[in-house]
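Peer 1: Here it is: the structure, laid out below.
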Number of protein chains: 2
Amino acid sequence: VTSTVLVPDDEGLLALAGVAGARPVRYEPGGAWPADGLDAEIVVVWGNPAGVDLAALPRLKLVQTLTSGVEQWRSRLPAGVALANARGAGGAVVAEWVLAVLLALSRDLPGFQRQQEAGRWDYRVTTGLIGAKVLVFGAGDIGLHVRSALAPLQVDVKLVGRTARPGVITMARARPTLGEQDAVVLAIPLDGSTRALADAGFLARMRDGAILVNAGRGGLVDTDALVAELTAGRLRAALDVTDPEPLPAGHPLWGLPGVLLTPHVGTATLGEETRCWAVASQQLAEYLAGRPPTNLIVD
Amino acid sequence: VTSTVLVPDDEGLLALAGVAGARPVRYEPGGAWPADGLDAEIVVVWGNPAGVDLAALPRLKLVQTLTSGVEQWRSRLPAGVALANARGAGGAVVAEWVLAVLLALSRDLPGFQRQQEAGRWDYRVTTGLIGAKVLVFGAGDIGLHVRSALAPLQVDVKLVGRTARPGVITMARARPTLGEQDAVVLAIPLDGSTRALADAGFLARMRDGAILVNAGRGGLVDTDALVAELTAGRLRAALDVTDPEPLPAGHPLWGLPGVLLTPHVGTATLGEETRCWAVASQQLAEYLAGRPPTNLIVD
């Protein structure tokens, strides 16, 4: 038995060439479905749902994302269609971004860059990250990699997850410790329970000079509340995701002191597509062999 | 028996309060020696030798630095005076700076900062550091800490030292591998054998786009040769030390593409003085108990 799998790029054709039972057909994201792919049982997608008409595929059973975040697909799923993500492809790379921005802010590389641009050699002492306390919301692929990356720096890392286990505390236990943290990292999926997790009250509990890192989704943070704290110069922040996103021209976040913005590049290093397809093709191999894919989210 | 120890700051008075046989006397660096310290057997110094007249201390036996680098003291030592440094105080902190700048350049944080200053949200893919090859000249306190800090990122690190041992190769074995490296880190003392180590031939062997990191001393690099490579856009660099230093106004290094400059802040994080005095007071305790200090450099 062979199942048609709609893939959004040529790398997908290659990745699925060796998967038993898959007949990969290339489609153009945002364009019409190809005529020989209308019988697709599976469609593989990147992040942008615009123009991807899932309801036009009558035999569709599974949407497999090439990303970890899936919040834009949940509401678009036709009844009875399953959803699986590419968890595992990007955690180490996003953790590398988290480590990069934590170190950059702790050693004030942005400030030294401004001095360099002004041609000024001004010695200054910075805080450093060694021995700091860091709380990471999210005990998944990203959180675990952040913890191992910070270990050689003797950083005291606590992960926050749904269930308490060694090294992982619950949300309820984490909140009262916000005031002790040198940095708080958001690396948790966005859903009804996490939207605006970092609201005015959450941010107010963070201590002066602490760093908020958002490596998840913009909606995890109440942007207005964060803008207020940054405007007061009370907190620092590194944001790879924003709400709204992309950040529009003239938005106050662009120019506030102590904020480092990157344009959603947490997973964007060389080899990203290959890493995502390695996970996705493994998922589809499981599915086509009659087993539920490991990363199944909705069934 | 009590020995007079001249100390350059109040933290030294505290640090030596508990050291048997030490009578610490505070002096003002660059000023005249205090009258009650002229019988000093030991003088403790920071980095700047200007106005520190060692020859005016007739009973001097040991110069103990609060820094790792000692090259400015060697030529100033009166005959028969020993020299010891504060190796071990700063290695982890300098390694943190090395990790910070390697990650910043690998994820192009300087470029994203310029986009932020221009208010532009431009997604771009960068190289990343995971799985890179890095060669570290120096297998001492800094090099060992750099190696452990890079381990969780699966970086292939080779250290270069005087004698080959597991994980450490000699200078002769290292040179032919320059072309394979994604980054080359200089964390080695400056002396006659290492001056201008990174000369035109060394830099020419490095591959296009590779990163030179100088966490040692400015004199390890032939500045003109580096300026030529950076002007051509062929290499990138992160320099905490320069030759000349401080870098004078109008020097070409300030404005070249792909270079990240910091003003000799490798060890400059909160708690630096305490870390240096912890090592120095331990050294002096050994010396005053009649044992040679571990970090003795010249005897």
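The values are calculated or read from the model by the stated rules, or taken from the named source; none is laboratory data. Keep in mind the model is a prediction, meaning the values are calculated, not measured. Reconstructed Cβ throughout: ideal geometry from the backbone, glycine too, with neighbour counts over all protein chains shown. We work out accessible area using only protein heavy atoms, side chains counted, and drop any ligands, DNA or RNA first. Shrake-Rupley method; radii C 1.70, N 1.55, O 1.52, S 1.80 Å.
Peer 1: For the stretch B:51-105, give me each residue that is touching a Phe, Trp or Tyr at 6+ places or on another chain (Cβ under 8 Å) and either part of a loop (DSSP other than H, G, I, E, B) or surrounded by fewer than 18 Cβ atoms within 10 Å (Cβ to Cβ) (or both).
Peer 2: Listed by number, the residues that qualify are B:53, B:56, B:57, B:66, B:67.
Peer 1: Need at least 1 residues that are modelled with pLDDT under 95 and away from chain A (no Cβ under 12 Å) per element, so show me which strands (runs of 3 or more DSSP E) inside the stretch B:163-276 make the cut, counting only ones lying wholly within it. Spell out the reasoning first.
Peer 2: Numbers: elements: B:183-186, B:211-214, B:236-239, B:259-261.
The strands (runs of 3 or more DSSP E) meeting that bar number zero.
Peer 1: Looking at the stretch B:147-161, I want the residues that are within 14 Å of chain A (Cβ to nearest Cβ) and more than 12 Å from residue B:130 (Cβ to Cβ) and have a partner that is β-branched (Val, Ile, Thr) and open to solvent by less than 60 Å² (accessible area, probe 1.4 Å) with Cβ atoms under 6 Å, at least 6 apart or on another chain. Which pairs are those?
Peer 2: B:147/B:157; B:157/B:134
Peer 1: Of everything in the stretch B:26-50 that's more than 28 Å from the chain's Cα centre (by Cα) and aliphatic (A, V, I, L, M), which residue is surrounded by the fewest Cβ atoms within 10 Å (Cβ to Cβ)?
Peer 2: Looking at the filtered set, the residue picked out is B:35.
Peer 1: Yes or no: the stretch A:16-30 includes at least one residue that is in a helix (DSSP H, G or I) and in contact with a helix residue (DSSP H, G or I) (Cβ under 9 Å, 6 or more places away or on another chain).
Peer 2: Yes; the residues of the stretch A:16-30 include at least one that is in a helix (DSSP H, G or I) and in contact with a helix residue (DSSP H, G or I) (Cβ under 9 Å, 6 or more places away or on another chain).
Peer 1: A follow-up question, please. Within the stretch A:145-167, track down each residue that is surrounded by 13 or more Cβ atoms within 10 Å (Cβ to Cβ), of a type in the set (Val, Ile, Thr) and farther than 17 Å from residue B:148 by Cα.
Peer 2: A:157, A:160
To keep it simple, each residue is scored yes or no on (1) buried (at least 20 other Cβ atoms within 10 Å of the Cβ); (2) farther than 21 Å from residue B:113 by Cβ; (3) touching a Leu at 6+ places or on another chain (Cβ under 8 Å).
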| site | (1), (2), (3) |
| --- | --- |
| B:219 | yes, yes, yes |
| B:232 | no, yes, no |
| B:245 | no, yes, no |
| B:262 | yes, no, yes |
| B:272 | no, yes, no |
| B:281 | yes, yes, yes |
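Peer 1: Also, I was wondering about something else. Quick check on the stretch A:178-215: of everything there that is closer than 18 Å to residue A:102 by Cβ and of a type in the set (S, T, N, Q), which residue is surrounded by the most Cβ atoms within 10 Å (Cβ to Cβ)?
Peer 2: Among residues in the stretch A:178-215 that are closer than 18 Å to residue A:102 by Cβ and of a type in the set (S, T, N, Q), the one surrounded by the most Cβ atoms within 10 Å (Cβ to Cβ) is A:214.
Peer 1: When you scan the stretch A:144-156, do you find a residue that is assigned to a helix (DSSP H, G or I) and β-branched (Val, Ile, Thr), even just one?
Peer 2: yes
Peer 1: Could you figure out which of (1) open to solvent by 10 Å² or more (accessible area, probe 1.4 Å); (2) within 23 Å of residue B:128 (Cβ to Cβ); (3) at pLDDT below 95 isn't true of residue A:131?
Peer 2: Here residue A:131 clears every test but (2).
Peer 1: Considering only the stretch A:61-82, I want to know if a residue exists there that is within 14 Å of chain B (Cβ to nearest Cβ) and of a type in the set (Asp, Glu).
Peer 2: No, the stretch A:61-82 contains no residue that is within 14 Å of chain B (Cβ to nearest Cβ) and of a type in the set (Asp, Glu).
Peer 1: Also, quick follow-up: If you check every pair at least six apart or on different chains, which have Cβ atoms under 9 Å apart with a residue in the stretch B:9-21 that is more than 16 Å from residue B:275 (Cβ to Cβ) and free of Cβ contacts under 8 Å to residues at least 24 places away in the same chain first and a residue that is open to solvent by 50 Å² or more (accessible area, probe 1.4 Å) and not small (Gly, Ala, Ser) second?
Peer 2: Partner pairs satisfying both residue conditions: B:10/B:26; B:13/B:26.
Peer 1: Which one is farthest from the other protein chains (Cβ to nearest Cβ) among residues in the stretch A:109-124 that are over 15 Å from residue B:116 (Cα atoms) and open to solvent by less than 40 Å² (accessible area, probe 1.4 Å)?
Peer 2: Here is the first cut: in the stretch A:109-124, the ones over 15 Å from residue B:116 (Cα atoms) are A:112, A:115-116, A:118-124.
Next cut, open to solvent by less than 40 Å² (accessible area, probe 1.4 Å) only: A:112, A:115-116, A:119.
Details: A:112: 5, A:115: 7, A:116: 5, A:119: 5 Å.
Among those that are over 15 Å from residue B:116 (Cα atoms) and open to solvent by less than 40 Å² (accessible area, probe 1.4 Å), it is A:115.
Peer 1: Could you pull out the residue among A:277, A:254 that is buried (at least 17 other Cβ atoms within 10 Å of the Cβ) and free of Cβ contacts under 8 Å to residues at least 12 places away in the same chain?
Peer 2: Being buried (at least 17 other Cβ atoms within 10 Å of the Cβ) and free of Cβ contacts under 8 Å to residues at least 12 places away in the same chain holds for just one of A:277, A:254, which is A:254.
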